[in-house]
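Presented below is the structure to which this report refers.
Each reported figure results from applying straightforward, stated rules to the coordinates on display, with no laboratory input. Source: prediction; values computed, not measured. Using ideal geometry, Cβ is built from the backbone for each residue, glycine included, and neighbour counts are taken over all protein chains shown.
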Amino acid sequence: MTTPATTTPATTGPVVRIAGLRKAFGEREVLTGIDLDVHAGEVVCVIGPSGSGKSTLLRCVNLLEQPTGGTVEVLGVEVTDPDVDIDRVRTHVGMVFQQFNLFAHRTVLDNCTIAQRQVLKRSRDEAERIARANLARVGLADRADAHPGQLSGGQQQRVAIARALSMDPQLMLFDEPTSALDPELVGDVLAVMRDLADAGMTMIVVTHEMAFARDVGDRVVFMDGGVVVEDGPADQVIGAPREERTQAFLQRVLHPTGA
């Protein structure tokens, strides 16, 4: 097994390489032979109907779900190897969930420094400096001393992004990061994600925001029934999909009234 990368992503191959990935829950197979590569600096948006396996795919990347078969490599490390030091790999991977998962009894600043101090062994001063810089990056420099309950849902999600960025990840995974937000709060979170993409962050984004996927994604992957049905440039997959299943899905999503 190769040694985990320490400062920069592997330059000799994809940041993420998925081959023959399968995942079953009991007798129900959720992923059926997924093959997918993600290269440094790419933004790959994963779209598809509910139950198509999108979130399960994302969770298999950092082993929050144990695959049933196939291999997953992250930054040159096979995370499906039984001997992998998955905690070490995860220090290079940030993940933002549908729910914010913030510690309600701690301040925003504390939420962004705990993992830095405990996992990366940074001093309090260094952790706070990095956290404040990332809170400024997501437009929340003035809320460092607030508690999560004093923030809107959109602000809490931006704190969750700042927390992930404070670990200096080389790969960011987003699992429907705006699905729990009121519509008027979605824009601020997507704006932060656009900025990350512009800065060259490697990202896999499971999303139902088709405009974001088309405008920001380098590639769009359409999943249905646990398989990748279509994978290509964002403009092509969303603007001129080749597969009938992709066409039918986008017709329902983009023109729900049949207009």
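About the centre of its Cα atoms, the chain shows a dipole size close to 560 debye [charges on the beta carbon of Lys, Arg (+1) and Asp, Glu (-1) only; nearest 20 debye].
Annotation: the antiparallel percentage among DSSP beta bridges lying fully within the chain is about 55.
Please give the per residue volume of the convex hull enclosing the alpha carbon atoms of the chain, rounded to a whole number of Å³.
So the per-residue Cα hull volume is 136 Å³.
Amide H contacts under 5 Å for LEU120: none, restricted to partners 5 or more places along the chain or on a different chain, H placed in the peptide plane at 1.01 Å from N.
Divide the volume of the convex hull around the Cα atoms of segment 89-166 by the residue count and you get 81 Å³ per residue. 3J(HN,Hα) couplings calculated from phi for segment 14-25 with the Karplus curve 6.51 cos²θ - 1.76 cosθ + 1.60 (θ = phi - 60°) are, in sequence order, x, 5, 10, 10, 10, 9, x, 5, 10, 8, 10, 10 Hz; Gly and Pro show x. Per-residue Karplus couplings for segment 236-248, computed as 6.51 cos²θ - 1.76 cosθ + 1.60 with θ equal to phi - 60°, are listed in order as 6, 5, 8, x, 8, x, 8, 8, 4, 5, 5, 4, 5 Hz, Gly and Pro entered as x.
Computed over the Cα atoms of segment 5-127, what is the ratio Rg over Rh, Rh following Kirkwood? Intermediate results must be reported in sequence, preceding the final value.
Values: Rg = 16.3 Å, Rh = 16.3 Å.
Over the Cα atoms of segment 5-127, Rg/Rh equals 1.00.
When the helix-only estimate is applied to the chain (DSSP H runs of n ≥ 4, each -39,500 (n - 2.57), divided by the residue count), what is the mean residue ellipticity at 222 nm, nearest 500 deg cm²/dmol? Estimated from H runs of four or more residues: -10000 deg cm²/dmol.
For segment 131-219, the equivalent ellipsoid derived from the alpha-carbon gyration tensor has semi-axes of 21, 16, 10 Å in decreasing order.
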